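J.: Have a look at this one.
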Amino acid sequence: MKKQLCGLAASIALAPLATAAVADTKILASWDQSYAAVGEVLDPFMEYLEAETTAKLGLSRFGPETIPPFEQLNPVTQGLFDMLYTNGGYHYNDIALGMALDSLSGDIGTIHESGMWDFVDQEYQKAGLKLIAIFYDTNGFHMILKEPLTGDGLTGRRIRGTLSIIR
């Protein structure tokens, strides 16, 4: 189970601070079932919650067809959903610190010991959310091109990203 919960797509799972164990717990995900991190991380996490909690949570998953990824943080902070499975880049304009999680390396113990977990969690708590998990890809990010780049291969090309992290 631990192997499944580690190592995929820098994602975060958030829950409203006041969430109680109630029936019909709604989880909003930024991706649909075609994304590996849903089937290999979110689904096992939901199964684990159902198996390990004494209350019947009645978990239901909703995806980007319900609310687009860049618009999902607000409905969760407003209580329309009980949890959010997402990437910090999708709500960069609201809580930019979530994107810092993409730059972390090391195991979860190291992240806790560094104080980064608590620091990021405190920022989400300001929005009424609780950081409950961090998933990241230990293989890093990959750029795939049709043709190999040589020499000044990036000259004249546009690279899109979040301005604050491209320097």
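J.: When only the heavy atoms of the protein chains count and the probe is 1.4 Å, how do 112, 91 rank by accessible area, highest first?
T.: 112, 91
J.: Putting +1 on Lys and Arg Cβ atoms and -1 on Asp and Glu Cβ atoms, find which of 79, 69, 35 reaches farthest to the positive end of the dipole of the range 27-88.
T.: Positive-most Cα among the choices belongs to 79.
J.: Here is a follow-up. Just the accessible area for residue 105, please: 1.4 Å probe, Å², rounded to the nearest 10?
T.: Here the accessible area works out near 90 Å².
J.: With every protein chain kept in the model, how would you rank 27, 159, 67 by accessible area, 1.4 Å probe, largest at the top?
T.: 159, 67, 27
J.: Another question about this same structure. Can you tell me which aspartates and glutamates have their Cα less than 14 Å from the Cα of residue 126? Leave out same-chain residues fewer than eight positions away.
T.: Once the sequence-local aspartates and glutamates are set aside, what remains near residue 126 is 94, 118.
J.: Another one. Take residue 80 and residue 147, extend 7 Å from each Cα along the Cα→Cβ direction, and tell me the distance between the two endpoints in nm.
T.: Placing both labels 7 Å beyond Cα along the Cβ direction yields 4.6 nm.
J.: If I compute solvent accessible area with a 1.4 Å probe over the protein chains, what percent of it on the range 15-132 is carbon and sulfur?
T.: 53 percent
J.: Can you give the FRET efficiency to the nearest 0.05 for residue 49 and residue 159, using r as the Cβ-Cβ distance and R₀ = 35 Å?
T.: Calculated value: 0.35.
J.: For the residue pair residue 32 and residue 94, what label-to-label distance in nm results when each label sits 7 Å from Cα along the Cα-to-beta-carbon direction?
T.: 2.3 nm
The values are calculated or read from the model by the stated rules, or taken from the named source; none is laboratory data. Because the structure is predicted, anything quoted here is derived from the model rather than measured. Note that we place each Cβ from the backbone using ideal geometry, even for glycine, and neighbour counts take in every protein chain shown. Calculation scope for accessible area: heavy atoms of the full protein, side chains included, ligands and nucleic acids excluded. Shrake-Rupley method; radii C 1.70, N 1.55, O 1.52, S 1.80 Å.
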